[in-house]
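Comments concern the structure below.
Each reported figure results from applying straightforward, stated rules to the coordinates on display, with no laboratory input. Given the structure is predicted, the values throughout are model-derived calculations rather than measurements. Reconstructed Cβ throughout: ideal geometry from the backbone, glycine too, with neighbour counts over all protein chains shown.
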Amino acid sequence: MPTITYIQPDGAELTLDASPETSVMRAAVNAGVPGIVGECGGQAMCATCHVYVSPNSLEGLPEINDEEDEMLECTSAPRDPERSRLGCQISCGPRASLVVEVPAGQV
Amino acid sequence: MTAAEAETTAPTAEWVRIEDLYENPYPIYRRLREESPVAWVPAVGRYLVTSFEACHRIEQDAETFSANEEGSLMKRSMGHSMLRKDDPDHQTDRAAYGPVLRPKAIKETWTAAFEKNAEKYLEEFRAKGPGADLHLGFAAPFAAENLREIMGFRNAAQEDLQRWSQTMIDGTGNYADDPEVWAKAAASSAEVDAAIDELVPVLKAEPDASLLSAVVNAGMPIEAIRANMKMTIGGGLNEPRDVLGTAVWALLSHSDQLAQVLAEPALWATAFEEAVRWVAPIGMYPRQTTREVEIGGATLPAGARLGVVLGAANRDPEQFENPEAFDINREKKPHLAFGGGAHFCAGTWVARTSVAQVALPKLFAGLPGLRLTDRPAREGGWVFRGMLELPVAWN
Ligand code: HEM
Ligand code: FES
């Protein structure tokens, strides 16, 4: 099974097994990963699942659509032009692993 | 004793009375949360869920906790809207709302309307002179006119939306089965149907940016259009009105925090968020269990009717330190005022923009020396809670 690694602002890391379709948000919420809230349940409506994707994990992710783009303008922590994504809009897909950093604040 | 009561291990809270909830629910919530965060409350005919953790779990597990409640008074008052459907039916309706209530449309289309409306009703309010009631004199028409424009009711006035909203909400809460309440709700419902029928062909021929145009052109069936528009009238007016009043009242009662906000405009958003946490405008919403389930230390049977008490979850000391206080400087934590999961409020960004970005800064700038008066402000309600009267003075 592919894995998703969450790096906290203090450097602490947690790696979870996640099926290829399970979103970065859903896997985190199910496991209680701190700093990923996912209040809207994955509808790209709340911006509380914001993550910074690790540079090595960026390639091959789906394009940012309009809904994700406008919501990334509403995040609590600043948007990074390359690395910011909504955790509910990305998953491992065909890759073996995905590494994301959790921002310091979601609300 | 009902069947639901017979099979549960949840304690019964006989001592809870509706009048007391209406007056001030917070001491009741505290006692319920401490004694049992899931308790059968005979006065309201529901299990009330009062801890943050249990409310949050319910929001995230729609398979066990259905929004499609049997015998729902909301369905009777407004028809079967997305708010009382589960996925995938819910998702079909919600998708038809499209981008209308989302941040990009708000920025490009609606913010200008919010600004125009804030100025218009501020002007009218100022003309009333010091001592006027900010709740009825500003918050209500401002919220109603914003909603009228967003929804696209060009053939109605904001006063119509206020009447429709209140009478249909009263129907939703008509547990006493008062025929007069039903008659008023039915009359409003018929007026909304007529307004929609008149606009459907117009918007088909010439679509615009409004919500009604979006659902009409997404091909939503007319019954669903009617129900969803009524639900949105009921859910999109009183809440921004009430949080606006609560925020003004809280800031005027805490001059140190008001000074902080006036010195740093980014804090309007913080003050708004703290106001919706402190007094959740939707204090309680219903769910029904689809199976036997253990929650909050109790076992509930299938078919149990629950009240998810956001007003209590938002003051749970397990989640918020010193939760009863209004404090813009508290540690930032997620609250549940906008609900969560599939039914997470579709109007969240409309409310944040219209109230925190537009109305609050304009009010305090346009009414210098804004302050409370000798006539005390009054608040009330528990299912919906907000100001009833907010007399203010200015220089
Ligand atoms: C501070 C203001 C507001 C608060 C606190 C609020 C709160 C809520 C809550 C708690 C729910 C979920 C109820 C449930 O799950 O049963 C909800 C749903 C909803 N709200 Fe709001 N609301 C606000 C403003 C608005 C506005 C301004 C609009 C419209 C322009 C709106 C439209 C809706 C709609 C359409 C739903 C149904 C969503 C669904 O079922 O998927 N709300 N709101
Ligand atoms: S979970 Fe709400 S935007 Fe991702």
Item to check | Exposed-loop-free span, longest in chain B, where chymotrypsin sites (Phe, Trp or Tyr not before Pro) count as exposed if DSSP calls them loop and at most 16 other C-beta atoms lie within 10 Å | outcome: B:176-395
Checklist outcome for this item: In order over region B:197-207: 3J(HN,Hα) from phi, Karplus 6.51/-1.76/1.60, θ = phi - 60°, whole Hz, x for each Gly or Pro, gives 4, 5, 8, 3, x, 4, 6, 5, 6, 9, x
Checklist outcome for this item: The long-range amide H neighbours of A:Glu101, using H built 1.01 Å from N in the peptide plane and a cut-off of under 5 Å, are A:Ile7, A:Tyr52, A:Val53, A:Ser54
Item to check | Inter-site label distance for B:Ala176 and B:Leu388 at 7 Å from Cα along Cβ, in nm | outcome: 1.4
Checklist entry - Computed FRET efficiency, Cβ-Cβ of A:Gln8 and B:Glu7, R0 51 Å: what is it to the nearest 0.05? => result 0.75
Checklist entry - By the scheme Lys and Arg +1, Asp and Glu -1, what is the net charge of all other residues having a beta-carbon under 10 Å from that of B:Ser213? => result -1
Item to check | Contour minus Cα-Cα distance for B:Ala190 and B:Ala157 (0.36 nm per residue) | outcome: 10.3 nm
Checklist entry - Taking a temperature of 20 °C and a viscosity of 1.002 mPa s, what whole-number D in µm²/s does Stokes-Einstein yield for region A:47-107 with Rh from Kirkwood over alpha carbon pairs? => result 183
Next on the checklist: Looking at chain B as a GNM with Cα springs under 10 Å, which of B:Ala112, B:Ala346, B:Ala176 has the largest mean-square fluctuation?
Outcome noted: B:Ala176
Checklist outcome for this item: Links exceeding 19 Å between C-alpha atoms in this model, out of B:Lys230/B:Lys362; B:Lys75/B:Lys184; B:Lys184/B:Lys230; B:Lys107/B:Lys230; B:Lys116/B:Lys362, come to B:Lys230/B:Lys362; B:Lys107/B:Lys230
Item to check | Expected 222 nm ellipticity per residue - DSSP helices of 4 or more, -39500 (n - 2.57), all of the protein assembly as shown, to 500 | outcome: -12000 deg cm²/dmol
Next on the checklist: For region B:65-200, compute Rg over Rh where Rg is the Cα radius of gyration and Rh is the Kirkwood radius from the inverse mean 1/r over Cα pairs.
Outcome noted: 1.02
Next on the checklist: Straight-line reach only, C-alpha to C-alpha below 17 angstrom: list the aspartates and glutamates that B:Lys85 could link to, leaving out same-chain residues fewer than 8 apart.
Outcome noted: B:Glu59, B:Asp61, B:Glu63, B:Glu69, B:Glu70, B:Asp93, B:Glu223
Checklist entry - Over the Cα atoms of chain A, how large are the radius of gyration and the largest Cα-Cα distance (Dmax), in Å? => result 12.1, 33
Checklist entry - Under a plain spin-label model, where a point goes 7 Å from the Cα along Cα-to-Cβ, how far apart in nm are B:Arg31 and B:Glu119? => result 5.2
Item to check | Extension reserve of the B:Asn217-B:Lys104 stretch, reckoned as 0.36 nm per residue once the Cα distance is removed | outcome: 38.7 nm
Checklist entry - Which length gain, in nm to one decimal place, applies between B:Leu372 and B:Ala205 when the Cα-Cα distance is subtracted from 0.36 nm times their residue separation? => result 55.1 nm
Next on the checklist: Which of B:Ala183, B:Ala377, B:Ala247 ends up with the largest GNM mean-square fluctuation for chain B, with Cα atoms connected below 10 Å?
Outcome noted: B:Ala183
Item to check | C-alpha center-to-center spacing [region B:288-313, region A:1-56] in angstrom | outcome: 28
Checklist outcome for this item: Note: B:336-348 gets an average of partner chain Cβ contacts (10 Å, Cβ to Cβ) equal to 4
Checklist outcome for this item: Computed over chain B, the relative contact order (Cα-Cα under 8 Å, seq sep at least six) in percent reads 27
Checklist entry - How large is ³J(HN,Hα), in whole Hz, for each residue of region A:68-75 in order, when computed from phi with the Karplus curve 6.51 cos²θ - 1.76 cosθ + 1.60 and θ = phi - 60°, using x for Gly and Pro? => result 5, 4, 5, 6, 5, 7, 10, 6
Checklist entry - So what's the convex hull volume per residue for the Cα atoms of the protein assembly as shown, in Å³? => result 155
Checklist outcome for this item: Karplus ³J(HN,Hα) for region B:46-60 (6.51 cos²θ - 1.76 cosθ + 1.60, θ = phi - 60°; Hz, whole; x = Gly/Pro) runs 9, 7, 8, 10, 10, 9, 4, 4, 5, 4, 5, 4, 4, 4, 8
Checklist outcome for this item: Among beta bridges assigned by DSSP with both residues in the protein assembly as shown, the antiparallel ones amount in percent, to the nearest 5, to 80
Checklist outcome for this item: Which of B:Ala259, B:Ala157, B:Ala105 fluctuates most in a GNM of chain B (C-alpha springs under 10 Å)? That residue is B:Ala259
Checklist entry - Quick one: of the DSSP bridges fully inside chain A, what percent are antiparallel, nearest 5? => result 70
Next on the checklist: As an exercise, use a Förster radius of 41 Å and the Cβ-Cβ distance of A:Ser97 and B:Glu294 to find the FRET efficiency, rounded to the nearest 0.05.
Outcome noted: 0.70
Checklist outcome for this item: Residues whose built amide H sits under 5 Å from the amide H of B:Glu379, excluding neighbours closer than 5 in sequence, are B:Leu388
Checklist entry - What per residue convex hull volume, in Å³, do the alpha-carbon atoms of chain B yield? => result 134
